[in-house]
Structure formats: structure tokens, C-alpha cells
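K.L.:
The structure follows.
The values are calculated or read from the model by the stated rules, or taken from the named source; none is laboratory data. Computed from a prediction, not measured in an experiment: that's the story for all the values here. Heads up, the Cβs are rebuilt from the backbone with ideal geometry, glycines too, and the neighbour counts pull from every protein chain shown. The accessibility values were calculated without ligands, DNA or RNA, using every heavy atom of the protein model including side chains. Shrake-Rupley method; radii C 1.70, N 1.55, O 1.52, S 1.80 Å.
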Amino acid sequence: MTRLNLNQQGPITRRCSICGRRIPISSAYDECKECMKNELFPKVKDFIQNNYDVNEMMVAEVFGIDTSLIHEWVREGHLEYKKSEL
């Protein structure tokens with residue numbers, strides 16, 4: 001049985017450094033997913049559109065973000081990798 005570490009308001013959280021939304025204390029980022037999307041997404045999208053043969057690992061390394069976030073954007077249809085022209 002897994003126990004949650006709770007405070008008076010529920011699970012222990014911290015606040016997004018941009019908008020103040022609650023984010024899990026375990027998050028590796030200081031921003032919530034929505035703010036990260038607003039801040040990083042246009043930059044990531046431009047990078048992918050301007051570079052052939054990039055993958056999630058390369059994008060994650062360049063932007064210092066987890067591949068799962070990039071994968072989520074691809075899965076949701078927000079990002080699409082260019083297909084190399086032969």
C-alpha cells in the first residue's frame with residue numbers, strides 16, 4: 001500500500017514560477033506543463049522545423065527537458081518531425 005505524504009491542503013506541492021499553479025514537489029521543472037508549453041513549445045517546434053534528422057533525444061538535450069514531454073507533444077499532435085527528402 002502506497003502512502004501519500006499529505007499536508008493540510010492535500011499532496012505536497014509547490015508553485016509554478018510563472019503562473020503560480022500547483023505542481024508536484026517531485027517535478028524536475030519550476031514551471032507547470034501549461035507554462036512550459038507556452039514558453040518552450042514555439043522554440044522546440046522551430047528547432048524541429050529547421051533541422052532534419054532530429055529525434056526526441058536530441059531535442060531533449062538541446063532544450064534541457066525530459067523526452068516524455070516532447071513525446072507527449074508529438075502524441076497529442078502538437079509536434080511533427082520532418083521527413084527527410086530523398
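K.L.:
Does Glu61 satisfy being at pLDDT 90 or above and exposed (fewer than 13 other Cβ atoms within 10 Å of the Cβ)? Break it down into steps so the answer makes sense when it comes.
P.N.:
Numbers: at pLDDT 90 or above: yes; exposed (fewer than 13 other Cβ atoms within 10 Å of the Cβ): yes.
Judged against the criteria, Glu61 is a match.
K.L.:
Moving on. Which one is farthest from Gly20 (Cα to Cα), of the residues in segment 31-58 that are open to solvent by less than 40 Å² (accessible area, probe 1.4 Å) and over 14 Å from the mean Cα position of the chain (by Cα)?
P.N.:
Result: Val54.
K.L.:
From the set of residues in segment 67-86 that are open to solvent by 60 Å² or more (accessible area, probe 1.4 Å) and in a helix (DSSP H, G or I), which is nearest to Gly20 (Cα to Cα)?
P.N.:
Ranking the candidates gives Ser68 first.
K.L.:
Oh, and also: Suppose we filter segment 24-66 for residues that are in contact with a Ser or Thr (Cβ under 7 Å, 6 or more places away or on another chain) and outside any helix (DSSP H, G or I); how many remain? If you could, list the steps in order and put the result at the bottom.
P.N.:
At the first step, the residues of segment 24-66 found to be in contact with a Ser or Thr (Cβ under 7 Å, 6 or more places away or on another chain) are 24-25, 30-31, 52-53, 56-57, 60.
Narrowing the set further to residues that are outside any helix (DSSP H, G or I) leaves 24-25, 30-31, 52-53.
Total meeting the criteria: 6.
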